[in-house]
Amino acid sequence: MNLHIDDHLEQDVGVLKLSGEIDAYTAPQLKEKLLSLVEEKQKVEVDLLKVSYMDSTGLGVFISALKLSKEKGHEFKLVNLQENVYRLFNITGLNEVINIENTVEGEIT
Amino acid sequence: MKQAFDFVEMKLPAKSEFVGVLRLTISGLANRMGFSYEEIEDLKVATSEAITNAVNHAYYDEDTGEVTIGFGMYDDRIEIMIADRGGSFDLKEIREQIGPYNDGETSVEEMREGGFGLFLIDALMDKVEINNNHGVIVIMTKFLYENEVGQNDDQISTTQ
């Protein structure tokens with residue numbers, strides 16, 4: 001019931017690799033890290049491969065990041081979403097406004 | 001109208017670190033009832049959204065330190081009640097006061113601070129009701145559909 005956040009650079013792209021669950025408890029630390037990365041880097045990628053659970057608090061964080069990236073003229077995208085996580089973007093229509101690449105279906109370890 | 005059901009009630013501190021605990025609970029109960037993997041995911045999101053709203057309410061309103069959660073497990077559905085006041089449920093009283101969430105504009109507005117929270121609850125559950133008289137109580141229902149119930153052998157003979 002925790003969220004592990006790992007950030008590193010991949011050819012000038014700020015990559016945030018997340019693993020665990022995004023909810024009301026873990027979202028604030030994610031928001032802090034993600035927003036400062038979006039503020040700093042021209043391109044930011046969030047890897048959600050190992051995120052097994054997310055709810056609207058996560059959607060809220062990504063909306064904030066999207067807004068900030070637009071303000072700054074920076075790029076922001078989400079990659080490797082599990083089916084159940086992508087579903088929330090789909091239901092809310094946020095998949096239309098947030099850049100999402102690759103959804104995956106498979107076992108999460 | 002009267003139906004036998006199992007009822008589980010729990011109280012959690014109105015703190016975000018317990019949202020995950022509620023998720024584990026609903027996951028266990030829904031699994032026991034025979035909900036599918038996808039439906040259990042829906043239930044986890046919906047209950048988390050509801051308790052997150054309750055926790056946020058408690059945060060603004062200092063005298064509420066607990067969230068009360070009730071699970072009514074029927075043959076064909078689960079009803080989940082989440083109240084942001086610490087008291088126990090008087091089911092009959094709550095039933096009499098409840099209305100569909102579209103009817104009470106104020107309660108919807110109040111929940112909107114959760115952003116997409118209530119929207120998701122509504123999308124993922126079959127029925128959502130909100131009572132706003134003494135704190136906010138959300139009651140949401142998800143039905144067990146027959147094709148997912150039919151895991152056991154005697155299902156065939158009973159459908160004739």
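The values are calculated or read from the model by the stated rules, or taken from the named source; none is laboratory data. Owing to the predicted nature of the structure, the values given are computational and were not obtained by experimental measurement. As a convention, Cβ positions derive from the backbone with ideal geometry for all residues, glycine included, and neighbour counts pool all protein chains shown.
Structural remarks
- Search result, residues across segment B:69-85 that are surrounded by 23 or more Cβ atoms within 10 Å (Cβ to Cβ) and outside any strand (DSSP E or B): B:ASP84
- Among the residues of segment A:5-50, the one identified as assigned to a strand (DSSP E or B), within 14 Å of chain B (Cβ to nearest Cβ) and of a type in the set (A, V, I, L, M, F, W, C) is A:ILE22.
- A:TYR53 assigned to a strand (DSSP E or B), of a type in the set (Ser, Thr, Tyr) and within 24 Å of B:ARG23 (Cβ to Cβ): yes
- Check on B:TYR101, surrounded by fewer than 19 Cβ atoms within 10 Å (Cβ to Cβ), modelled with pLDDT under 80, on the phi < 0 side of the Ramachandran plot and more than 12 Å from chain A (Cβ to nearest Cβ): no
- Residue list for segment A:74-83, filter: of a type outside the set (D, E, K, R) and within 17 Å of A:SER36 (Cβ to Cβ): A:HIS74, A:PHE76
- Selection count where residues are crowded, with 22+ Cβ neighbours inside 10 Å and either at pLDDT below 95 or acidic (Asp, Glu) (or both), scope segment A:30-56: 2
- Qualifying residue in segment A:73-88 (condition: of a type in the set (D, E, K, R) and under 25 Å from B:THR25 (Cα atoms)): yes
- One residue stands out among those in segment B:116-142 that are modelled with pLDDT under 90 and assigned to a strand (DSSP E or B): the one that is surrounded by the fewest Cβ atoms within 10 Å (Cβ to Cβ), which is B:ASN131.
- A:ASP6 vs. criteria under 13 Å from the mean Cα position of the chain (by Cα), surrounded by fewer than 16 Cβ atoms within 10 Å (Cβ to Cβ) and over 18 Å from B:SER48 (Cα atoms): yes
- For segment A:1-56, the set of residues classified as closer than 20 Å to A:LYS70 by Cα and of a type in the set (A, V, I, L, M) consists of A:VAL13, A:VAL15, A:LEU16, A:LEU30, A:LEU34, A:LEU35, A:LEU37, A:VAL38, A:VAL44, A:VAL46, listed by residue number.
- Just one of the listed residues (A:ASN102, A:ASN80, A:ASN84) is within 14 Å of another protein chain (Cβ to nearest Cβ) and either in a helix (DSSP H, G or I) or in contact with a strand residue (DSSP E or B) (Cβ under 6 Å, 6 or more places away or on another chain) (or both), and it is A:ASN84.
- Top-ranked residue of segment A:9-55 - restricted to ones that are of a type in the set (S, T, N, Q) and farther than 17 Å from B:THR52 by Cα, ranked as farthest from the chain's Cα centre (by Cα): A:GLN11
- Close contacts from segment B:10-39, counting a first residue that is within 8 Å of another protein chain (Cβ to nearest Cβ) and a second that is part of a loop (DSSP other than H, G, I, E, B) and not aromatic (Phe, Trp, Tyr), with Cβ to Cβ under 6 Å and a gap of 6+ residues or different chains, come to B:SER16/A:ALA24; B:VAL19/A:ASP23; B:VAL19/A:ALA24; B:GLY20/A:MET1.
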